[in-house]
1. Pick out the one residue from Leu371, Leu414, Leu388, Leu406 that is without any contact (Cβ under 8 Å) to a residue 24 or more places away in the chain and not charged (D, E, K, R).
2. Just to check your reading of the model, which residue among Ala196, Ala171 is in contact with a Lys or Arg (Cβ under 8 Å, 6 or more places away or on another chain), of a type in the set (A, V, I, L, M) and within 16 Å of Leu330 (Cβ to Cβ)?
3. How about the range 218-255: which of its residues are among the polar types (S, T, N, Q), free of Cβ contacts under 8 Å to residues at least 40 places away in the same chain and either farther than 28 Å from Ser174 by Cβ or not in a helix (DSSP H, G or I) (or both)?
4. Can you tell me how many residues within the range 189-217 are among the basic types (Lys, Arg) and in a helix (DSSP H, G or I)?
5. Would you mind listing the helices (runs of 4 or more DSSP H) fully within the range 258-344 where at least 2 residues are under 21 Å from the mean Cα position of the chain (by Cα)?
6. Restricting to the range 271-283, count the residues that are out of contact with any Leu (no Cβ under 7 Å at 6 or more places or on another chain), surrounded by 15 or more Cβ atoms within 10 Å (Cβ to Cβ) and modelled with pLDDT of 95 or more.
7. Is there a residue in the range 238-246 that is of a type in the set (D, E, K, R), open to solvent by 50 Å² or more (accessible area, probe 1.4 Å) and at pLDDT 95 or above?
8. With the structure loaded, tell me whether Leu388 is surrounded by 24 or more Cβ atoms within 10 Å (Cβ to Cβ), in contact with a helix residue (DSSP H, G or I) (Cβ under 8 Å, 6 or more places away or on another chain) and at pLDDT 95 or above or whether it fails that test.
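The values are calculated or read from the model by the stated rules, or taken from the named source; none is laboratory data. Just so we're clear, the structure is a prediction, and the values are computed from it rather than from any experiment. Note: ideal-geometry Cβ built from the backbone for every residue, glycine included; neighbour counts use all protein chains shown. With ligands, DNA and RNA removed, areas are computed over all heavy atoms of the protein, side chains included. Shrake-Rupley method; radii C 1.70, N 1.55, O 1.52, S 1.80 Å.
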Amino acid sequence: PNTYLALLLPPDSEKTPGYWNEGARRSLELALALQPAAQRAKNIILFMGDGMGLPTMSAARIYKGQLAGGSGEESVLAMETFPHVALAKVSGVALGVALLPLPETPLIPACFQTYTIDRQVPDSAGTGTAYLCGVKANAKTLGLSGAAIYGKCRTSFGNEVDSILHRARLAGKSVGIVTTTRVQHASPGAAYAHSASRSWYADANMPKEALRDGCKDIAYQLVHNTDINVILGGGRMYMTPKWTLDPEYPEDPAQNGTRKDGVDLIAEWLSAKQGARYVWDKKGLDAVEDDSVSHLMGLFEPKDMKYELNRNASTDPSIVEMTEKAIRILRRNPNGFFLFVEDDIPHAGGRIDHGHHSGRAKQALMEAVMLDRAVARAGELTSPSDTLTVVTADHSHVFTFGGNTLRGNSILGLAPKKAKDKRAYTSILYGNGPGYSIRDGARPAASLPAAEDKDYRQQAAVPLESETHSGEDVVVLAQGPMAHLFHGVQEQHYIAHAMAYAACIEPYATEPGCGTARRVSHGTQCSPQPLLALLALCLAAHMVGG
């Protein structure tokens, strides 16, 4: 409400108590009118900002407002308009099961922990397995339970866990993946692959022992494990035989195909899907008629897609454009759809994540703004009456902003006062990373306009080749059917369970209100009955003070 008032009233209105009182009253009225949407979801869209921790979201909000010509602080992200908010824990102690709330549970913020079984601060593979497959796992493993050991092929057999995307497809829904990284990357890979290493992109990236033991690379599994209707992102080189020229960079041998088995996975995928299309640039994507294809694969770069600030808008689609195309194709299914959309907030995963890893805050913030634009566009193409939309992050980064900056200060600008070393510093800083620098025995002073360049590296306290993830909780925002299930402080794997419950997907296909939803085989997913029984025991113990 305050945002809308700010558009109508002069800035001086903020100095009056009435401005804030009226804004709070309107927010209260909205809160009092909020009712749980208890019907089941036909569609689910999961937006995942790789590395989009709370500091990144806050900074992106300001950056969005400043891009629009405002001071920034009063801006609101589209995802922040969602009525239900939770946090996911990235570090802590797991209870070991996901407990769905009783209907009378109060609608309170939720917190989700993102740690993995073996790490306090997680990676994108372990977290992807949690929020997509519903179980905590070991770092750097994909679609496997904690019994699997990183890099040990044989430990993966019998320890596979299926994602909600896979189970949604078996339930008759259309499914899709949109990512600004390579489609074989850790986050999207958790939606379809079972791999003892997140780095086994193609057979050329696998050790001989793993190949000998019968493990398959992630690109191979993309084509063979799950019937995915829409696949949009990067990662061409892992799909074609070694020395295959890249269609966009035929003069650059570093972009050639890498497969040693001689298999053209793109051709194999096309031949196996009636009505399938493959495209590799924006022109091809734009030419695809939404009602003419049942399956669409678009691979727009040999590896990861380019940062938004580096993107050639005439040749490469944006995350907004890819999301729209995916929804228009998937929503034709009368049974509904499941769509996973990832933007890496720049480091080396989604582009948000990749930006942070490289210490380039402007790149990261622009990716976060673009993810929010995709959220907004998805909201225009769907209805909250039948579509559950969830926005979250897999982990955060050692990224912060502060320095007692004044209202309206550029989020990429300088703090108003110099540091103790009498040198200027930027509001945004990193705890570690490549931005660490000592020249002539001292920290170099930050300056404008250099600090606002897209490739400027904000200073870091500790020298590292790549900035690291951080372990604080991440936010979860939700709207639509059963969005109220996202509440309280939760483990990250709860996200997959809440989404499955909302859409009557296994293991919750026979819950009340699910009609005749089909049961499917789903690996080692647990059934809801033990969970509900454990919940009853917990409540009983609480009532007797246990």
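1. Values: Leu371 fails: without any contact (Cβ under 8 Å) to a residue 24 or more places away in the chain; Leu414 fails: without any contact (Cβ under 8 Å) to a residue 24 or more places away in the chain; Leu388 fails: without any contact (Cβ under 8 Å) to a residue 24 or more places away in the chain.
Residue meeting the stated conditions: Leu406.
2. Working: Ala196 fails: within 16 Å of Leu330 (Cβ to Cβ).
Selected residue: Ala171, the only one of Ala196, Ala171 that is in contact with a Lys or Arg (Cβ under 8 Å, 6 or more places away or on another chain), of a type in the set (A, V, I, L, M) and within 16 Å of Leu330 (Cβ to Cβ).
3. Of everything in the range 218-255, those that are among the polar types (S, T, N, Q), free of Cβ contacts under 8 Å to residues at least 40 places away in the same chain and either farther than 28 Å from Ser174 by Cβ or not in a helix (DSSP H, G or I) (or both) turn out to be Thr240, Thr244.
4. Of the residues in that region, 2 qualify.
5. On the way: elements: 265-272, 282-287, 319-330.
Qualifying helices (runs of 4 or more DSSP H): 319-330.
6. Keep residues of the range 271-283 that are out of contact with any Leu (no Cβ under 7 Å at 6 or more places or on another chain), which gives 271-275, 281-283.
Retained after the next criterion (residues that are surrounded by 15 or more Cβ atoms within 10 Å (Cβ to Cβ)): 273, 281-282.
Cutting the leftovers down to modelled with pLDDT of 95 or more gives us 281-282.
Adding up the residues that qualify gives 2.
7. First pass over the range 238-246, keeping only residues of a type in the set (D, E, K, R): 242, 246.
Okay, now just the ones that are also open to solvent by 50 Å² or more (accessible area, probe 1.4 Å), so 242.
Then drop every residue that is not at pLDDT 95 or above, which leaves 242.
Yes: one or more hits.
8. Working: surrounded by 24 or more Cβ atoms within 10 Å (Cβ to Cβ): yes; in contact with a helix residue (DSSP H, G or I) (Cβ under 8 Å, 6 or more places away or on another chain): yes; at pLDDT 95 or above: yes.
Yes, satisfied.
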